[in-house]
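To start, the structure under review is shown below, and the notes come after it.
The values are calculated or read from the model by the stated rules, or taken from the named source; none is laboratory data. Everything quoted here is computed from the prediction, not taken from an experiment. With ideal geometry, Cβ positions are generated from the backbone for all residues, glycine too; neighbour counts draw on all protein chains shown.
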Amino acid sequence: MNIDSILINYLILGLATVGVIFMLISALGILRLPDVFTRMHAAGKAATLGVSCLLLVAGIYFGALGDISEFWRMVALIGLFFATAPIATTTMARAAYRTAKPGDFTLTLDEMEETKGEK
């Protein structure tokens with residue numbers, strides 16, 4: 001083993017640890033937070049960072065084995081995940097808001113109140 005492979009292994013270990021910690025924080029947020037909006041926030045933000053770190057780890061690992069196309073494939077997946085995750089969370093938040101009974105949420109500022117009847 002040379003110094004480069006040792007550094008790559010430590011980088012993989014560090015990024016995998018960060019990814020798993022973010023995924024754990026996301027899971028705890030989904031379990032502990034009080035309503036659907038805060039749960040979606042935990043799932044959207046922390047899980048995006050966790051999945052991105054783990055995909056980057058997979059790309060670095062397989063790229064270090066000699067297949068650099070796997071690294072770029074993982075980078076592309078991270079880009080797609082960053083592009084689609086906010087759209088999915090916003091859509092789920094709108095659906096939760098529109099199907100909720102009055103009084104389900106304690107919102108201090110309700111910017112969507114006038115659009116509730118629109119389809």
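Values for this structure:
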| quantity | calculated |
| --- | --- |
| Yes/no for LEU28 being at pLDDT 95 or above, surrounded by fewer than 16 Cβ atoms within 10 Å (Cβ to Cβ) and out of contact with any Lys or Arg (no Cβ under 8 Å at 6 or more places or on another chain) | no |
| Output for the range 1-36, where each listed residue is acidic (Asp, Glu) and under 23 Å from the mean Cα position of the chain (by Cα) | ASP35 |
| Condition met for ILE8 (surrounded by 12 or more Cβ atoms within 10 Å (Cβ to Cβ), touching a residue at least 12 places away in the same chain (Cβ under 8 Å) and more than 20 Å from PHE82 (Cβ to Cβ)) | yes |
| Filtered residue count, the range 71-119, keeping only those that are assigned to a helix (DSSP H, G or I) and at pLDDT 65 or above | 31 |
